[in-house]
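A quick write-up on the structure given underneath.
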Amino acid sequence: MLWWILLGAAWVNWAWFVQAILRHRHAEACEAACPVLALRSEVRWLGIPSVAWGGLYYACLTGVSLLAVPFRQRLLQVLTTAGLLTSVWLVYLLRVRLRTHCRGCYIAHGLNLALWLTALGGW
């Protein structure tokens, strides 16, 4: 149950953050202008902004959560570990390289930590 609550919160935060970026509501989403951050090469992988990768990540977590296979928990642990390591890297980029703050990013990374802890505990 806790897993679904955290995954739902991650989706809500992601949707809020994307709509804030699309509407250019910088003050609500970030200290810095989100479109400017999204265009930076540091936060793009294969030419795609990290927020798009985040949506794909949450979609994969949701899909794996619905699987009825014996290795589902192990797969969730691997995915959330990758997500947590990505979050650590993105926080480093945000704070050290870009020297800015982003409330939506901090919430997403905190939720990734919570999802990782939940996947490790098998809840």
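Restricted to the range 1-44, and to residues that are part of a helix (DSSP H, G or I) and modelled with pLDDT under 60, which residue is surrounded by the most Cβ atoms within 10 Å (Cβ to Cβ)? Walk me through how you get there before you give the answer.
So the first thing to find is which residues in the range 1-44 are part of a helix (DSSP H, G or I), and the list is 2-22, 26-29, 34-39, 41-43.
Right, trim to modelled with pLDDT under 60 and you get 26-29, 34-36.
Details: His26: 16, Ala27: 8, Glu28: 15, Ala29: 22, Cys34: 24, Pro35: 13, Val36: 12.
Among them, the one singled out is Cys34.
Can you pull out every residue in the range 5-19 that is within 14 Å of Arg103 (Cβ to Cβ) and among the aromatic types (Phe, Trp, Tyr)?
Within the range 5-19, Trp14, Trp16, Phe17 qualify.
Within the range 64-108, restricting attention to residues that are in a helix (DSSP H, G or I) and hydroxyl-bearing (Ser, Thr, Tyr), which residue is farthest from Val43 (Cα to Cα)?
Looking only at the range 64-108, we keep the residues that are in a helix (DSSP H, G or I), and these are 64-65, 72-97, 103-108.
Cutting the leftovers down to hydroxyl-bearing (Ser, Thr, Tyr) gives us 65, 80-81, 86-87, 92, 106.
Values: Ser65: 27, Thr80: 19, Thr81: 19, Thr86: 11, Ser87: 11, Tyr92: 11, Tyr106: 15 Å.
Here the answer is Ser65.
Being buried (at least 17 other Cβ atoms within 10 Å of the Cβ), touching a helix residue (DSSP H, G or I) at 6+ places or on another chain (Cβ under 7 Å) and in a helix (DSSP H, G or I) narrows it down to one residue among Leu111, Leu120; which is it?
On the way: Leu120 fails: buried (at least 17 other Cβ atoms within 10 Å of the Cβ).
Only one candidate passes the filter, namely Leu111.
Being without any contact (Cβ under 8 Å) to a residue 60 or more places away in the chain, closer than 24 Å to Arg97 by Cα and surrounded by 13 or more Cβ atoms within 10 Å (Cβ to Cβ) narrows it down to one of Gly47, Gly54, so name that one. Full working, then the answer.
Working: Gly47 fails: surrounded by 13 or more Cβ atoms within 10 Å (Cβ to Cβ).
Just one listed residue meets the conditions, Gly54.
Before we move on, is Leu84 under 19 Å from Asn13 (Cα atoms) and at pLDDT below 95? Walk me through it before giving the result.
On the way: under 19 Å from Asn13 (Cα atoms): yes; at pLDDT below 95: no.
Criteria not met by Leu84.
Could you please find all residues in the range 68-101 being of a type in the set (Val, Ile, Thr) and closer than 15 Å to Gly121 by Cα? Break it down stepwise before answering.
Narrowing the range 68-101 to residues of a type in the set (Val, Ile, Thr): 69, 78, 80-81, 86, 88, 91, 96, 100.
Of everything in the range 68-101, those that are of a type in the set (Val, Ile, Thr) and closer than 15 Å to Gly121 by Cα turn out to be Val78, Thr80, Thr81.
The values are calculated or read from the model by the stated rules, or taken from the named source; none is laboratory data. In this text the structure is predicted, and so the values were computed from the model without any measurement. So basically every Cβ, Gly included, is an ideal-geometry build from the backbone, and we count neighbours across all protein chains shown.
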